[in-house]
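Engineer: Before I ask anything, let me first share the structure, which is written out below as structure tokens.
What follows draws every value from the coordinates through simple rules; no lab data is involved. Predicted model, so just to flag it, every value in this text is computed and none were measured. Counting neighbours? That spans all protein chains shown, and the Cβs are built from the backbone with ideal geometry, glycine included.
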Amino acid sequence: MSGREETPRGSARQSGTVVFFSNPLMSDAESDWSPIHDAAFNGRVLALQKLIAQVNSSTVDGQTPLSEACAQGHATCASLLLQHGATPLGTSLSSSPIHRAAAKGHPECIEPLVQHGADVDQYIEQSGPPLHTACSNQHLSTVKKLLELGASVNSSVSGDSPLHIAARLSSPELVSVLLDHGANHSLRNSEGKLPLDLVPPDSLVERLLRQAGGVSPLMQLCRLRIRKTVGKRRLDGLHDLHLPTQVKQYLLYQSNRGEDQMH
């Protein structure tokens with residue numbers, strides 16, 4: 001290959017800020033890495049525009065340009081790919097773009113995926129829905145974004161809800177945001193344990209979970225009920241309701257009122 005040194009994908013060489021992957025000794029899963037994968041991985045928008053006809057090309061292991069862009073947090077590239085027909089659900093379970101964004105902590109890629117038809121609760125066998133992936137990797141901003149977009153806060157994977165995961169990690173930030181979005185602190189996992197049973201004694205997380213046993217504020221109950229009635233597919237329509245801006249922001253978790261009440 002003229003003009004550039006061949007470098008295996010596993011030990012990528014930087015050329016400026018661009019990473020190239022090419023080597024005849026690559027495995028089958030790596031040897032079909034194409035220029036469009038390079039452009040998406042590196043966030044090269046102009047190059048991506050020229051290669052857009054290959055929008056849904058995938059490697060042997062199922063990775064698409066969209067899944068690579070989301071894994072790297074290149075939201076502009078992800079949006080461009082989606083606008084030109086990239087499959088938002090991915091071409092295989094291992095290449096789910098929303099799971100890759102959730103695992104790496106890139107909330108800026110999640111919203112355009114959902115806007116173009118990705119399911120915020122897309123389930124894959126290895127890790128369940130994206131919310132579980134984001135919680136397990138302790139990406140708070142990504143957890144918030146998924147919940148704002150209507151992710152199911154009480155879904156279960158191998159018996160654990162997201163609140164069980166947050167409690168086991170002893171993360172007060174995750175526990176707080178999950179409770180604020182209606183997480184059920186009374187759910188038991190496959191071992192019969194409550195989230196409270198998984199936290200260190202006398203910790204902030206323990207206090208938060210004990211406080212959750214009280215009566216929720218009426219405003220919070222109303223917000224959760226309205227969001228459930230509207231449904232995750234129509235949450236964006238709340239913007240069009242004839243309501244005061246502050247009310248719409250509260251319903252969409254775009255204000256700090258819920259967090260202020262909790263503290």
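Engineer: For the stretch 190-202, just list the computed ³J(HN,Hα) in residue order, Karplus coefficients 6.51, -1.76 and 1.60, θ = phi - 60°, integers in Hz, with x standing in for Gly and Pro.
Structural biologist: 5, 9, x, 9, 7, x, 4, 6, 9, 9, x, x, 6
Engineer: Given axes a ≥ b ≥ c from the Cα gyration tensor, I'd like to know whether the stretch 56-130 is rounded (a/c under 1.5), prolate (a/b larger than b/c) or oblate.
Structural biologist: rounded
Engineer: Still on this structure: Can you run phi through the Karplus equation (6.51, -1.76, 1.60; θ = phi - 60°) for the stretch 125-135 and list ³J(HN,Hα) in whole Hz, with x for Gly and Pro?
Structural biologist: 4, 5, 9, x, x, x, 4, 5, 5, 5, 5
Engineer: Something else: Among Val153, Leu174, Ala53, pick out the residue whose Cα is farthest towards the positive end of the charge dipole of the stretch 46-186, where Lys and Arg carry +1 and Asp and Glu carry -1 on C-beta, about the Cα centre.
Structural biologist: With unit charges placed on the Cβ atoms, the residue in question is Ala53.
Engineer: In terms of modelled amide H atoms, which long-range or inter-chain residues lie less than 5 Å from the amide H of Asp160?
Structural biologist: Amide H to amide H, under 5 Å and 5 or more residues apart or across chains, Asp160 pairs with Ser190.
Engineer: Separate question: If each residue of separation counts as 0.36 nm, what is the full-extension length gain between Arg188 and Thr76 once their alpha-carbon separation is subtracted?
Structural biologist: 36.2 nm
Engineer: Can you pull the three principal axis extents for the Cα set of the stretch 172-224, in Å, largest first?
Structural biologist: 32, 24, 18
Engineer: Assign unit charges at the C-beta atoms only (+1 for Lys and Arg, -1 for Asp and Glu), then state the dipole size of the stretch 91-163 relative to its Cα centre in Debye, rounded to the nearest 20.
Structural biologist: 180 debye
Engineer: Follow-up. Given +1 on the Cβ of Lys and Arg, -1 on the Cβ of Asp and Glu, and no further charges, what dipole in debye does the stretch 126-201 carry about its Cα centre, rounded to the nearest 20?
Structural biologist: On the way: 5 positive and 6 negative charges, 12 e Å.
The calculation lands at about 60 debye.
Engineer: Quick check: residue separation of Gln249 and Ile226 times 0.36 nm, minus the Cα distance between them. What number comes out in nm?
Structural biologist: Working: separation 23, 0.36 × 23 = 8.28 nm, distance 1.31 nm.
Additional length available on full extension: 7.0 nm.
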